[in-house]
1. Just grab the label-to-label distance for residue 98 and residue 38, each label 7 Å out from Cα along the Cβ direction, in nm (one decimal).
2. Output the Cα-based Rg and Dmax of the range 24-124 in Å, rounding Rg to one decimal and Dmax to a whole number.
3. If I stretch the segment between residue 76 and residue 108 completely, what's the gain in nm (0.36 nm per residue apart, minus their alpha carbon distance), one decimal?
Amino acid sequence: MKRLASIVAGLMILSTPYTAATAQDAQSGEQIYRQCRACHQIGEGARNLVGPQLNGIVGRRAGAVEGFAYSQANREAGTNGLVWTEDNLFKYLENPMAFMPGTKMVFAGVKSEDARRDLIAYLKKFSSH
């Protein structure tokens, strides 16, 4: 019975969605963000490149950066109500093409949960949410 309780507790931890309370280190996230810079800008003066600028990404509706030519999948996701919450970003950043089939973002993803948390903590520095 004790073993079953331990297994259930472990499964609950594994299935817990990303929340701000689990956010990690924004400074580490800045280092992880370096792999994003080839396609995305963030911060003062950021502009769209191959990918949209990322200011305000946390809490923004998908497909909403003016002047960026999103994929149909991304535009439809936004029209259907997808908002880039911390939880959605956490899932998307693991494997963008699996999360949003048809996305133009051809990036394999950030497999480490801690690295994704750190990256989201960094992105939050440029968001009002």
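1. With each label point 7 Å from Cα toward Cβ, the separation is 2.1 nm.
2. Expressed in Å, the Cα Rg and Dmax of the range 24-124 come to 12.5, 34.
3. Fully extending the segment from residue 76 to residue 108 adds 9.3 nm.
Any read-out appearing in this document is the output of simple, stated calculations on the displayed coordinates, not a laboratory observation. The shown structure was predicted, so the numbers you read here are calculated from the model rather than taken from an experiment. FYI the Cβ positions are ideal-geometry reconstructions off the backbone, even for glycines, and counts take in every protein chain you see.
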